[in-house]
Amino acid sequence: MNNLFASDTIFTVTQITSLIKEILEASFNNITLEGEISNWRPSAAGHIYFTLKDSDSQIKAVIFRGAASKLSFSPKDGNKVRCKGSLSVYAPQGNYQIIVTSMELAGQGNILQMLEERKKKLAAEGLFDSNRKKNLPMFPKTIGVVTSPTGAAIRDILNVSKRRNPTINVNILPAIVQGEGAAETIVKMIELANFYELCDVLIIGRGGGSLEDLLPFSEESVVRAIANSKIPTISAVGHEIDWAISDFAADRRAPTPSAAAEMVVPLLGDIQQQLTYYKDSMYTAIKQRVENTRLMIKSFNPENLEVRFRNIQQPLLNRYATAKENLVENMKKKISDLRQKIETSKTVLENASPQTILERGYSMVTDENGTVIRDSASMKVDDKLIIRPASGKIFAKTTGVEK
C-alpha cells in the first residue's frame, strides 16, 4: 500500500493520534466482534470494563451504564460473547477500545470449558474427596506461604499474622504465580515444604487477577501436589468471586489471602485469656480440695478417733456376721437336700435289686448249665432244673412240660 503522506511529512503526536482516531472511528463504526471475556470489572459508576480476547489477540472494551442495564444475562470471565459497538481512540493515552452497545452469549469460553473438564477428571480420581481432608492445627508454630514474595497477598498475610499473633513464624516460599513457569515453581515449593517439614500449615495462593492470571492454580500438577501434601493446606486464590481447582483439592478454601491468615492464625489475646481462665479454674479447684481435706483431717483427733473407727468397723462386722450365718444356713440346707436325694436314690436302687424281688417270694429257675428258663418250650421231660429262691438252691427234674 502506498503511503498517504509524503515521507518527509512531520506530524506531532497529537496530529497523528487525531488522524488515527478519525480513521478508526469512521471505519469501524457499528461492528460486531466475537471473543472471550477476561478481567470483567464493574465500576462504582455502573460502567463495566473488560477485555475481549481470542487465542492470539485481545482488545479493551467498555459498556457504559445505560447499555449495561439492558444486558439479558450476567457476563463473567470466560464467557464467549458477541458484541456490537464502535471502536474509539482515547487520545491522551493513545489507546483504542471498543465501546459495546449490546452483547449476547456466543457459547462457552474455552478456558472455562477446559477447567470444567479438568475438574471432572480430577474429581473422578478422588482428589477432592472429603475423607482426604486434614484438620488445620489449632496452635501452629510456623505458617508456610507459597506465593509471590513481592505481591499484595504476602503483605496481607504478614499484616494479619502480626496483628493476630506476632509469636507465630511465617516462612515465605517464593513462587511465580502467573505466566510461564508458574505451575512448576508452585509445585516445587509445595514439595520443598513437605520434604523439609518447613511449617505446620501451608497457604497457597495469590491476589486477584483475570481468569488467565489464576490459571497456574488450576494446573493438574499443582492440584496433585496440593492433594498429596502431608502438611494441611489452604487455597487462597484471588478475591471472593475468583476460584481455581486448587480450592477443591486443598484441605480448606479461603476467599482471600487475608482470610486464610485469619483462618489459621489464632488470636494471641484469646489464647492468653483462655490460659488465664484455665489457670484460675485449676487454682480454685485445688484450693477447694485442700480446704475440704483440711476440714476432714481437723475432725480426726485422739478423743474421737476410736469412735470413728468403730463407726466404720461395726457395719462391716455386722455384714460379716450376717454373711457367715447365711453361709452356714445355706450349707446346712444344701447338705440336707443332698442327704434326702441320696436316701431316695438308695430306696430306688434297693427296690430294683433282684435279691429284693426274690425275698418277695419269687424264684429264679435255670437248667443245669445255669441258663435262665424263660419259656417252657425250651424244656422237655427229665431235664434237670435248679431253683434259686431268696436263700439256697433247689435241684429238681421235670416230670412234664405244658406248652
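The values are calculated or read from the model by the stated rules, or taken from the named source; none is laboratory data. No experiment lies behind these values; they were computed from the predicted model shown. Reconstructed Cβ throughout: ideal geometry from the backbone, glycine too, with neighbour counts over all protein chains shown. All accessible areas refer to the heavy atoms of the entire protein, side chains included, with ligands and DNA or RNA removed. Shrake-Rupley method; radii C 1.70, N 1.55, O 1.52, S 1.80 Å.
In region 16-37, how many are among the polar types (S, T, N, Q) and either modelled with pLDDT under 85 or in contact with a Gly (Cβ under 7 Å, 6 or more places away or on another chain) (or both)?
1
Look through region 155-194, keep the residues that are touching a Ser or Thr at 6+ places or on another chain (Cβ under 6 Å) and open to solvent by 70 Å² or more (accessible area, probe 1.4 Å), and return whichever of them is nearest to Pro140 (Cα to Cα).
Filtering region 155-194 for residues that are touching a Ser or Thr at 6+ places or on another chain (Cβ under 6 Å) and open to solvent by 70 Å² or more (accessible area, probe 1.4 Å), the one nearest to Pro140 (Cα to Cα) comes out as Asn169.
Looking only at strands (runs of 3 or more DSSP E) that lie completely in region 22-67, which have at least 1 residues being under 42 Å from the mean Cα position of the chain (by Cα) and touching a residue at least 40 places away in the same chain (Cβ under 8 Å)?
31-42, 48-53
Would you mind telling me which numbered condition in (1) buried (at least 20 other Cβ atoms within 10 Å of the Cβ); (2) among the hydrophobic types (A, V, I, L, M, F, W, C); (3) under 23 Å from the mean Cα position of the chain (by Cα); (4) within 23 Å of Gly78 (Cβ to Cβ) Phe248 fails?
It fails just one condition, (1).
Taking Ala259 as the residue in question, decide whether it is assigned to a strand (DSSP E or B), among the small types (Gly, Ala, Ser) and either in contact with a Lys or Arg (Cβ under 9 Å, 6 or more places away or on another chain) or surrounded by 12 or more Cβ atoms within 10 Å (Cβ to Cβ) (or both).
No, not satisfied.
Name every residue in region 342-391 that is assigned to a strand (DSSP E or B), in contact (Cβ under 8 Å) with a residue 12 or more places away in the chain and not polar (S, T, N, Q), in order of residue number.
Within region 342-391, Met364, Val365, Asp367, Lys384, Leu385, Ile386, Ile387, Arg388 qualify.
Give region 291-311 a look and list any residue that's aliphatic (A, V, I, L, M), at pLDDT 75 or above and surrounded by 10 or more Cβ atoms within 10 Å (Cβ to Cβ), or say none.
None - no residue of region 291-311 is aliphatic (A, V, I, L, M), at pLDDT 75 or above and surrounded by 10 or more Cβ atoms within 10 Å (Cβ to Cβ), so the list stays empty.
Please go through region 72-85 and give me each residue that is within 15 Å of Arg41 (Cα to Cα) and surrounded by fewer than 15 Cβ atoms within 10 Å (Cβ to Cβ), ordered by number.
Within region 72-85, Ser74, Lys76 meet the criteria.
Could you check region 114-132 and list, in sequence order, the residues that are assigned to a helix (DSSP H, G or I), small (Gly, Ala, Ser) and without any contact (Cβ under 8 Å) to a residue 12 or more places away in the chain?
Passing the criteria: Ala124, Ser130.
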